[in-house]
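*Asks:* Quick one: the structure is below, questions incoming.
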Amino acid sequence: MAVATLLLRRALSSFHHDVYIRCLLSSSDLHSMVNSSNLRFWRGYHNSGKFDFTDMTDPHMWYPNAREKKRKVFLHVGPTNSGKTHNALKRLEASSSGVYCGPLRLLAREVAKRLNNADVPCNLITGQEREEIEGAKHSSVTVEIADVTTEYQCAVIDEIQMIGCKTRGFSFTRALLGLCSDELHVCGDPAAVPIIQRMLEPTGDVVTVQYYERLSPLVPLKSTLGSFSNIKEGDCMVTFSRREIYKLKKKIEMEGKHLCSVVYGSLPPETRTKQATMFNDEASELNVLVASDAIGMGLNLNISRIIFSTLEKFDGVRMRELTVPEIKQIAGRAGRYGSKFPVGEVTCLHAEDLPLLHSSLKLPSPIIERAGLFPTFDLLSVYSRLHGTDFFHPILERFLEKAKLSPDYFIADCEDMLKVAAIVDELPLGLYDKYIFCLSPVDVRDDISTQGLIQFAGNYAKKGTVRLKERFTSGTLRVPKTHNQLKELESVHKVLELYVWLGYRFEDSFPDRELAASQKSICSMLIEEYLERSGWQQQGQKRFLHSPRKLRQEYDASQLRGYFQEIDTRSK
């Protein structure tokens, strides 16, 4: 025991506490073991006489601050449009201090706006945004940012069924087990109730379950859409690829009756919000929506009818049928209590899809059997020191191979993290820096996004400071003219978001965060302009919804790939 404790103390003594303070993501985890109370926990918990840092069978014990409280946990569960989150937020508004934890920036921003409008000062903190309100004792955050050291009177976790998500579930586990609040309100699908109850059994928390019914009816139609001429105001056509979205948009608009907003995952969040706002605006010409499953959460939409163009999607590995929860989550967006369309309808484009749609809507979502889990940086750091290496890929791989879990948990899928680890292990970086780069929001399936990460990490390792040039070195950035140019501009937006994200975690080393944010805004504006220019009249002639914006700078999207290979690392 004494030898193991000494090794742990030595490992912890080398940590830089000021770095953790600057890190928004899991900052509380990164320095939680520094305090003496946690050292006492590790001595008491590993009472067998030997430390086993791969033992993850009792993750509730990682959060001593939360365990010191006997929390009152309220589970608000029910279908979409049932008022469950509304009731939880009313309690948050009435509390003296609190935090909302959501799965998306759009949701976090929406809740921050709601609380501030209700004269409850509320900060907004996400991976790419930080808006602090003077005197605020409430915060609205994305779930990964949740602070598990601060005490709150009330905390809310939204969309808790994502605890079973193979990639992000561990963040919901961390929030559920770690938030230090007198009251914890958890909202989501009833399928998550059994696993949450089992997870909280050893914590001493008092758990109350409140079930909700849908506030407005959802009617599955017996007939398909038929012709595209049957599209009507308030319809939302759902498909699962960018190309199909624009193909369907064109087909609908060629009928000459409607113009379409579009919403899909790789659109910048600001653009998604504006497209949704125009669709909801009764004065707007954009009265039909074509969208992916990105509408499943995070946007308030006045949809009359959901029309599935397909019930299959590519999940990154293979084409597969939508699951029951996916179908119910998307279909449930039709009909919104108190809106212009209080009764929702749902159907398909193809008759062969109707049986699956109807059967899925009748079935309860499958019970979530296990929750996601991932080791904290502290565990990985000490484990790496015990094995005498700073190479993150082999340490993470070895740790996950040896990890011991209870039957209620699974290790998060970290395939993308391991790909990034293989990149940063080639660079002269410390383990903490590698860990942060591995957590960054890089899309490893996107060449431009990956190239941006490689350049940022390489220049950070070489120079310590990564500067963005104020102007792109070649050409000018213009409104995209083709689908490929649009895709490339969306990739550029991802890289600029990555710079902003890194800027919040390495403030001194990525000092051009504001410049990156402004360039990111320009990308969003140009993408919006592309969407506005793609409207069609009955005769197939293009028309603008309003005059094109006069931007001070115009840039050439086709020239941007090279820009991210020429980052200026010179300090000013």
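The values are calculated or read from the model by the stated rules, or taken from the named source; none is laboratory data. Only a predicted model underlies this, so the values are computations on that prediction, with no experimental measurement involved. Cβ placement follows ideal geometry from the backbone for every residue including glycine, while neighbour counts extend to all protein chains displayed. Calculation scope for accessible area: heavy atoms of the full protein, side chains included, ligands and nucleic acids excluded. Shrake-Rupley method; radii C 1.70, N 1.55, O 1.52, S 1.80 Å.
*Asks:* Contact list please: Cβ distance under 7 Å, first residue in segment 392-413 and touching a residue at least 12 places away in the same chain (Cβ under 8 Å), second residue part of a loop (DSSP other than H, G, I, E, B) and small (Gly, Ala, Ser), pairs at least six apart or on different chains.
*Replies:* 411/403
*Asks:* Could you tell me whether residue 377 is among the aromatic types (Phe, Trp, Tyr) and within 20 Å of the chain's Cα centre (by Cα)?
*Replies:* The answer is no for residue 377.
*Asks:* So, one more: How many of the residues in segment 398-407 are open to solvent by 80 Å² or more (accessible area, probe 1.4 Å) and either part of a helix (DSSP H, G or I) or of a type in the set (A, V, I, L, M, F, W, C) (or both)?
*Replies:* Residues flagged as open to solvent by 80 Å² or more (accessible area, probe 1.4 Å) and either part of a helix (DSSP H, G or I) or of a type in the set (A, V, I, L, M, F, W, C) (or both) within segment 398-407 amount to 3.
*Asks:* Filter segment 173-200 down to the residues that are over 19 Å from the mean Cα position of the chain (by Cα), of a type in the set (D, E, K, R) and not in a strand (DSSP E or B) and list them by number.
*Replies:* 198 - this is the single residue of segment 173-200 that is over 19 Å from the mean Cα position of the chain (by Cα), of a type in the set (D, E, K, R) and not in a strand (DSSP E or B).
*Asks:* Taking segment 238-276 as the region of interest, how many residues are free of Cβ contacts under 8 Å to residues at least 12 places away in the same chain and of a type in the set (Asp, Glu)?
*Replies:* Number of matching residues: 0.
*Asks:* Name the residues in segment 416-432 that are in a helix (DSSP H, G or I), open to solvent by less than 30 Å² (accessible area, probe 1.4 Å) and without any contact (Cβ under 8 Å) to a residue 40 or more places away in the chain, would you?
*Replies:* 417, 420, 421, 424
*Asks:* Please enumerate the residues belonging to segment 90-114 that are in a helix (DSSP H, G or I), over 17 Å from the mean Cα position of the chain (by Cα) and surrounded by 24 or more Cβ atoms within 10 Å (Cβ to Cβ).
*Replies:* 92
*Asks:* Further question: Given the structure, is residue 299 at pLDDT 90 or above and open to solvent by less than 50 Å² (accessible area, probe 1.4 Å)?
*Replies:* Answer is no for this residue.
*Asks:* Taking the condition of being basic (Lys, Arg) and in contact (Cβ under 8 Å) with a residue 40 or more places away in the chain, how many residues in segment 357-388 meet it?
*Replies:* 2
*Asks:* Of everything in segment 501-525 that's touching a residue at least 40 places away in the same chain (Cβ under 8 Å) and among the basic types (Lys, Arg), which residue is most open to solvent (accessible area, probe 1.4 Å)?
*Replies:* Within segment 501-525, the match that is most open to solvent (accessible area, probe 1.4 Å) is 520.
*Asks:* Within segment 526-559, restricting attention to residues that are over 17 Å from residue 495 (Cβ atoms) and at pLDDT 50 or above, which residue is surrounded by the most Cβ atoms within 10 Å (Cβ to Cβ)?
*Replies:* Applying the filter and picking the extreme gives 531.
*Asks:* Only one of these conditions is not met by residue 267: (1) farther than 20 Å from residue 85 by Cβ; (2) surrounded by fewer than 23 Cβ atoms within 10 Å (Cβ to Cβ); (3) not basic (Lys, Arg). Which number is it?
*Replies:* In the conditions (1) farther than 20 Å from residue 85 by Cβ; (2) surrounded by fewer than 23 Cβ atoms within 10 Å (Cβ to Cβ); (3) not basic (Lys, Arg), residue 267 misses (2) alone.
*Asks:* Just one of the numbered conditions (1) without any contact (Cβ under 8 Å) to a residue 24 or more places away in the chain; (2) buried (at least 21 other Cβ atoms within 10 Å of the Cβ) is not true of residue 498; which one?
*Replies:* (1)
*Asks:* Something else now. Suppose the filter is at pLDDT below 95, touching an Asp or Glu at 6+ places or on another chain (Cβ under 8 Å) and either not acidic (Asp, Glu) or not assigned by the TED database to the domain that holds residue 512 (or both); does residue 378 pass it?
*Replies:* So residue 378 fits the description; yes.
*Asks:* Continuing with this model, one more query. Looking at segment 306-344, which of the residues that are of a type in the set (A, V, I, L, M, F, W, C) and under 18 Å from residue 78 (Cα atoms) is surrounded by the fewest Cβ atoms within 10 Å (Cβ to Cβ)?
*Replies:* 343
*Asks:* Additional query: Regarding residue 52, is this residue modelled with pLDDT of 95 or more, surrounded by fewer than 17 Cβ atoms within 10 Å (Cβ to Cβ), of a type outside the set (Ser, Thr, Tyr) and part of a loop (DSSP other than H, G, I, E, B)?
*Replies:* When the stated conditions are applied, residue 52 does not pass them.
*Asks:* Taking segment 115-148 on its own, how many of its residues are under 22 Å from the mean Cα position of the chain (by Cα), without any contact (Cβ under 8 Å) to a residue 24 or more places away in the chain and open to solvent by 10 Å² or more (accessible area, probe 1.4 Å)?
*Replies:* The number of residues fulfilling the criteria is 3.
*Asks:* Just checking, which of 213, 159 is of a type in the set (Asp, Glu) and open to solvent by 60 Å² or more (accessible area, probe 1.4 Å)?
*Replies:* Just one listed residue meets the conditions, 213.
*Asks:* Inside segment 72-84, can you point out the residues that are open to solvent by 30 Å² or more (accessible area, probe 1.4 Å) and outside any strand (DSSP E or B)?
*Replies:* 79, 81
Conditions (1) over 24 Å from the mean Cα position of the chain (by Cα); (2) at pLDDT 95 or above; (3) outside the structural domain of residue 143 (by the TED database), marked per residue:
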{"residue": "266", "(1), (2), (3)": "no, no, yes"}
{"residue": "278", "(1), (2), (3)": "no, no, yes"}
{"residue": "331", "(1), (2), (3)": "no, yes, yes"}
{"residue": "335", "(1), (2), (3)": "yes, no, yes"}
{"residue": "338", "(1), (2), (3)": "yes, no, yes"}
{"residue": "341", "(1), (2), (3)": "yes, no, yes"}
{"residue": "355", "(1), (2), (3)": "yes, yes, yes"}
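*Asks:* Give the residue that is least open to solvent (accessible area, probe 1.4 Å), with candidates limited to residues of segment 345-363 that are farther than 13 Å from residue 310 by Cα and part of a helix (DSSP H, G or I).
*Replies:* 360
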